[in-house]
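The next block holds one structure in the form of structure tokens; read it before the comments.
Bear in mind that the values in this text are calculations on the coordinates, not laboratory data. Computed from a predicted structure; not experimentally measured. Every residue, glycine as well, gets a Cβ built from its backbone with ideal geometry; the counts of neighbours run over all protein chains shown.
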Amino acid sequence: MDFHCHLDLYPNALEVFREAAARNEFTWLVTTSPKAFVATSRVLGGAANVLVTPGLHPEIAHERGGELDLLLEQMALVNAVGEVGLDGSARYRKGYDVQCHIFEAVVERSAELGGRALSIHSRQAVFDVLKILDQHPGFGTAVLHWFTGTAKELRAAEERGCWFSIGPAAFASNSGRMLAAKLPRHLVVPESDGPFAQVGGKAVMPWSAEITARHLGQAWGLSFDEATDLLSSNARRLLQMLRSGNQ
Ligand SMILES: [Zn+2]
């Protein structure tokens, strides 16, 4: 399983799509813009176990803000949304107001539609993400992808029942491994974040959940089998919410 993948952006996307559909029980294909969602749905929308969702990535929010209305329309048709969120790092700080405007509109719309599952980017912006979620009760389910916040931010997210998707690249650094050890075990699912996420210079593939299970097992003091079982039962629970959109 893979709960956050940019499958449409691999150079050989069609091949990766076919292999993911064959090997994975489930793959969540998050798109980065509403127009990309239209194009990707047309080409890669044909598999029952590959969920394609509309999104607007915070890193391109300043360029694609004009597509917000399209995104809000698309949200009526799919039970999940992603990739959306905020990026407070220096590189994207300039567009932060636009990012906030878009993310607020998405969360508000999710509540209006009765709840949506959201795959959320929260780099250096965890408290702002949580604040916006807090303002819209009934927005649905938050899945914080590749969480890199502080211990305090982690606790705040955990208190709100956020889920966490994590992949092999998150374990490349010492700090990443330490943070992973602290994630609430019953709320963690595997992701690849490929092809952006890389390990050893190679894009992480959508069928890398076993590698994640091995890393998490080490971090949590569990055997590989125990970690795999835990991730599978978490994934099944989250999948149910994804399909219904709501909590
Ligand atoms: Zn991503």
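Over the chain, with a Gaussian network built from C-alpha contacts below 10 Å, which listed residue (Gln124, Gln135, Gln198) shows the highest mean-square fluctuation? Greatest mean-square fluctuation among the candidates belongs to Gln135.
Taking Leu118, Leu222, Leu133 in turn, the Gaussian network model of the chain (Cα-Cα springs below 10 Å) assigns the largest fluctuation to Leu222.
Among the lysines, which have Cα under 19 Å from the Cα of Lys131 when same-chain residues fewer than 8 positions away are ignored? Candidates past the 8-residue exclusion: Lys152. From the P(r) of the range 2-244, can you give the percent of Cα pairs sitting at distances over 22 Å? The answer is 49 percent, as a whole percent. Compactness of the range 163-224, taken as the C-alpha radius of gyration over 2.2 N^0.38 Å, stands at 1.02.
Label-to-label distance for Asn49 and Lys182 is 3.6 nm, based on points extended 7 Å past Cα in the beta-carbon direction. Candidates Leu133, Ala181, Ala169 compared by Cα position along the dipole of the range 129-215: farthest toward the positive end lies Ala181, with charges placed on Cβ.
Among Pro190, Pro137, Pro54, determine the one that fluctuates most according to a GNM of the chain built with springs between C-alpha atoms less than 10 Å apart. Checking each option, the largest mean-square fluctuation is seen for Pro137. Could you let me know the centre-to-centre spacing of the range 1-19 and the range 191-242, using Cα atoms, in angstrom? Between the Cα centres of the range 1-19 and the range 191-242 lies a distance of 16 Å.
The amide H of Val204, built 1.01 Å from its N in the peptide plane, has Ala197, Gln198, Val199 as neighbours under 5 Å, considering only residues 5 or more places off or on other chains.
For the range 129-189, the fraction of C-alpha pairs more than 14 angstrom apart is 53%. Take every DSSP beta bridge whose two residues both sit in the chain; close to 10 percent of them are antiparallel.
When the charge dipole of the chain is built from unit charges on Cβ atoms (+1 for Lys and Arg, -1 for Asp and Glu) and taken about the Cα centre, the candidate among Leu118, Asn49, Ala213 whose Cα reaches farthest toward its positive end is Ala213.
Taking a straight line from the alpha carbon of Lys94, these aspartates and glutamates sit under 19 Å away, with near neighbours fewer than eight places off in the same chain left out: Glu59, Glu63, Glu67, Glu104, Asp128. Counting only aspartates and glutamates at least 8 places from Lys182 when in the same chain, those with an alpha carbon closer than 19 Å to its own are Glu153, Glu158, Glu159, Glu191, Glu226, Asp229. Charge dipole (Cα centre; +1 on Lys/Arg Cβ, -1 on Asp/Glu Cβ; no other charges) of the range 2-244 amounts to roughly 340 debye.
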